[in-house]
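The values are calculated or read from the model by the stated rules, or taken from the named source; none is laboratory data. Because the structure is predicted, anything quoted here is derived from the model rather than measured. Don't worry about glycine lacking a Cβ; one is built from the backbone with ideal geometry, like all the others, and counts go over all protein chains shown.
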């Protein structure tokens, strides 16, 4: 049994399907099934219970996967240490984040990093937080930049900054006329950036009868937005669910509905006078942004230098 075969079986466990794992591994399902049967014969046990949908592990399979994770940790640690030795000539750094972070924040820092270390190849992966967590725990990503990451997720974190969640409301909604003392314009936010204007906060209760645009449930802002609405004692009338914040902002600017969005994205977007913005009177409207990596992972020089470019200094080991 080889490390590659262990990786194949671990991938099947993650995907809970032979066909999905085969697609992820760029191989045929029959070939993958043959490998698993050969390993099972070699070990004298069944790893997967093929009678269940989705696929589940046998008791022997659970023991195998626990060991496979440890083997993966050791293999990743070895490769990262060897990469450090040759970093001046070559290397690899894989980073993940949401669409906003990848498009505007990480892309700028990647450009700076590659000027300093042109031999290091960088892969940038854009997805939602659930998939990013899966990929970093499976050694497919070195770092992620995100909000909803915690030590109990099996990750170490370092704070990048605190961000403010604000409410965007189409200007033609009549509610804005009675809330002139609270409302912010795009230009007011841009002028004060990276801070926010000193404006009074408002309860979401004022907006309970309006339509809302929400990101889908894989996004932290979906859960956070629902919780803030619950705190204001109403259930939002969600008229559209979307995957990307940038798309949601554009839809809201067409007058479709209100949306929760991060304030620091506005300076990156095309100026619009179609929305008013409000600071929300709820502690959940402030959230931390972190860099995160798998707990126990060896911190490569490439990771350390990229974090340093983002004003994050790690203690020397």
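Key figures
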read-out: Some residue of segment 207-220 being in a helix (DSSP H, G or I) and at pLDDT 95 or above; value: yes
read-out: Qualifying residue in segment 79-92 (condition: surrounded by 12 or more Cβ atoms within 10 Å (Cβ to Cβ) and modelled with pLDDT of 80 or more); value: yes
read-out: Any hit, segment 149-169, residues being touching a residue at least 60 places away in the same chain (Cβ under 8 Å), outside any strand (DSSP E or B), crowded, with 18+ Cβ neighbours inside 10 Å and in contact with a strand residue (DSSP E or B) (Cβ under 9 Å, 6 or more places away or on another chain); value: yes
read-out: From 315, 267, 288, residue being surrounded by fewer than 19 Cβ atoms within 10 Å (Cβ to Cβ), modelled with pLDDT under 95 and part of a helix (DSSP H, G or I); value: 267
read-out: Single unsatisfied condition, residue 189 versus (1) assigned by TED's automatic domain parsing to the domain that holds residue 253; (2) within 25 Å of residue 294 (Cα to Cα); value: (2)
read-out: Any hit, segment 296-307, residues being outside the structural domain of residue 188 (by TED's automatic domain parsing), outside any helix (DSSP H, G or I) and in contact with a helix residue (DSSP H, G or I) (Cβ under 6 Å, 6 or more places away or on another chain); value: yes
read-out: Matching residues in segment 224-259 - criterion: being out of contact with any strand residue (DSSP E or B) (no Cβ under 8 Å at 6 or more places or on another chain), farther than 19 Å from residue 170 by Cα, in contact (Cβ under 8 Å) with a residue 24 or more places away in the chain and in a helix (DSSP H, G or I); value: 227, 231
read-out: Helices (runs of 4 or more DSSP H) wholly inside segment 1-59 that include at least 2 residues being more than 33 Å from the chain's Cα centre (by Cα) and buried (at least 16 other Cβ atoms within 10 Å of the Cβ); value: 29-43
read-out: Residue list for segment 179-201, filter: without any contact (Cβ under 8 Å) to a residue 60 or more places away in the chain and either at positive phi or in contact with a helix residue (DSSP H, G or I) (Cβ under 8 Å, 6 or more places away or on another chain) (or both); value: 197
read-out: Residue 223 vs. criteria at pLDDT below 95 and assigned by TED's automatic domain parsing to the domain that holds residue 188; value: yes
read-out: Residue list for segment 260-289, restricted to those being under 18 Å from residue 163 (Cβ atoms) and without any contact (Cβ under 8 Å) to a residue 12 or more places away in the chain; value: 283
